[in-house]
1. Within the stretch 215-244, take every residue that is open to solvent by less than 20 Å² (accessible area, probe 1.4 Å) and among the hydrophobic types (A, V, I, L, M, F, W, C) and give me the one that is modelled with the highest pLDDT.
2. Among the residues of the stretch 136-163, write down those that are open to solvent by 60 Å² or more (accessible area, probe 1.4 Å) and at pLDDT below 75.
3. Which of the residues spanning the stretch 78-111 are among the hydroxyl-bearing types (Ser, Thr, Tyr) and exposed (fewer than 14 other Cβ atoms within 10 Å of the Cβ)?
4. So, in the stretch 199-214, exactly how many residues are open to solvent by 100 Å² or more (accessible area, probe 1.4 Å) and of a type in the set (Ser, Thr, Tyr)?
5. With (1) exposed (fewer than 15 other Cβ atoms within 10 Å of the Cβ); (2) in contact with a Lys or Arg (Cβ under 7 Å, 6 or more places away or on another chain) as the list, and Ser247 as the residue in question, which single condition is left unmet?
6. Do we have any residue at all in the stretch 168-184 that's open to solvent by 30 Å² or more (accessible area, probe 1.4 Å), out of contact with any helix residue (DSSP H, G or I) (no Cβ under 9 Å at 6 or more places or on another chain) and polar (S, T, N, Q)?
7. Within the stretch 176-193, is there a residue that is within 25 Å of Gly101 (Cα to Cα), touching a Lys or Arg at 6+ places or on another chain (Cβ under 6 Å) and at pLDDT 80 or above?
8. May I ask you to verify whether Leu90 is at pLDDT below 80 and out of contact with any Gly (no Cβ under 8 Å at 6 or more places or on another chain)?
Amino acid sequence: MASGFFAILDDIAALMDDVAVTSKIATQKTAGILGDDLAVNAEKATGFVSSREIPVLWAITKGSFINKLIILPIVFLLNWLYAPAINYVLILGGLYLSFEGVEKIIEFLFHRDKKGHEVIEEAAEEEKSPEEMEKAKVKSAITTDFILSIEIVIIALGTVLEESHPFITQILVTSLVAFIATVGVYGIVALIVRMDDAGFKLIKKSKDKGFFGKLGHLLVKALPIVIKALGVIGTIALIMVAGGIFSHRIEFFHHFLESWSSNEVLKILKEVILGLAGGLIAVALFTMGKGVVSLVKKK
């Protein structure tokens, strides 16, 4: 009886050790996506008044957890029923990411003076209220997180499948990586958006003197720079992630400029080109679709 109990404990210990080792490998393989996820979501979680930063970030974090709870069982089920379906889902997600990235570039180049207007919109719209803008930004952040979460979950699952681990290990490792992704990314984002508050507290406690006073001023001055930098990095990240999906998941593009794959710089350039091309096509289709809808409504 006792020997059977200890045998079970030994099996659990072996399973946990297996999960820990495989999770480390899977986390390393998803590090690039996690970096992109951080840049994208940090940019989306900023730009609010100080009192709304944490509530907004918490709303996005909860949305991210819900995304993972939706994605994980669906991915396991799809992988069991029809594995190629995951590939098509990723490609559609890549189109959305590239659309969002190119949309931001178009907005910066041609619509900077049209605050409160939709991108690619010819007719002027009324500016949204702060509450509506907040809800829209949270919704956009959660939607983008959903696409990036699919990529993270599938890469993590792919790592486990490569190692031929049993089904229970697949579930535990993939779920653990998904949890780490959410906690890690949004934990760092929370630190970033509260930089200025931390700076003000340091200034106040040090009475604006000495090392801590200077550090406080540095944190306050650095926040706008960090936010702008994350906005640029986040846009580039969207395009690169999308380009990477197109490059790895579409056979034709996988062999497109194949010689560039041996050079890391050219490989990145290839992904940027594919991401921009996919985004331009998505924006064009979106614009055409809106035009058709407008014509139908007029008739």
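1. Ile239
2. Correct list: Leu161, Glu162, Glu163.
3. We begin by selecting, within the stretch 78-111, every residue among the hydroxyl-bearing types (Ser, Thr, Tyr); these are 82, 88, 96, 98.
Result: Tyr82, Tyr88.
4. We begin by selecting, within the stretch 199-214, every residue open to solvent by 100 Å² or more (accessible area, probe 1.4 Å); these are 200-201, 204-205, 207, 209, 211-212, 214.
Adding the requirement that they be of a type in the set (Ser, Thr, Tyr) leaves none.
Here the count works out to 0.
5. Checking Ser247 against (1) exposed (fewer than 15 other Cβ atoms within 10 Å of the Cβ); (2) in contact with a Lys or Arg (Cβ under 7 Å, 6 or more places away or on another chain), the one that fails is (1).
6. Scanning the stretch 168-184 turns up no residue that is open to solvent by 30 Å² or more (accessible area, probe 1.4 Å), out of contact with any helix residue (DSSP H, G or I) (no Cβ under 9 Å at 6 or more places or on another chain) and polar (S, T, N, Q).
7. The initial filter retains those residues of the stretch 176-193 that are within 25 Å of Gly101 (Cα to Cα), namely 178, 181-193.
From the residues that got through so far, the ones that are touching a Lys or Arg at 6+ places or on another chain (Cβ under 6 Å) too are 178.
In the following step, the residues that additionally are at pLDDT 80 or above were identified as 178.
Yes.
8. Numbers: at pLDDT below 80: yes; out of contact with any Gly (no Cβ under 8 Å at 6 or more places or on another chain): yes.
It is true that Leu90 is at pLDDT below 80 and out of contact with any Gly (no Cβ under 8 Å at 6 or more places or on another chain).
The values are calculated or read from the model by the stated rules, or taken from the named source; none is laboratory data. The structure displayed is predicted, hence computed values, not measured ones. So basically every Cβ, Gly included, is an ideal-geometry build from the backbone, and we count neighbours across all protein chains shown. Heavy atoms of the whole protein, side chains included, go into the accessibility calculation; ligands, DNA and RNA do not. Shrake-Rupley method; radii C 1.70, N 1.55, O 1.52, S 1.80 Å.
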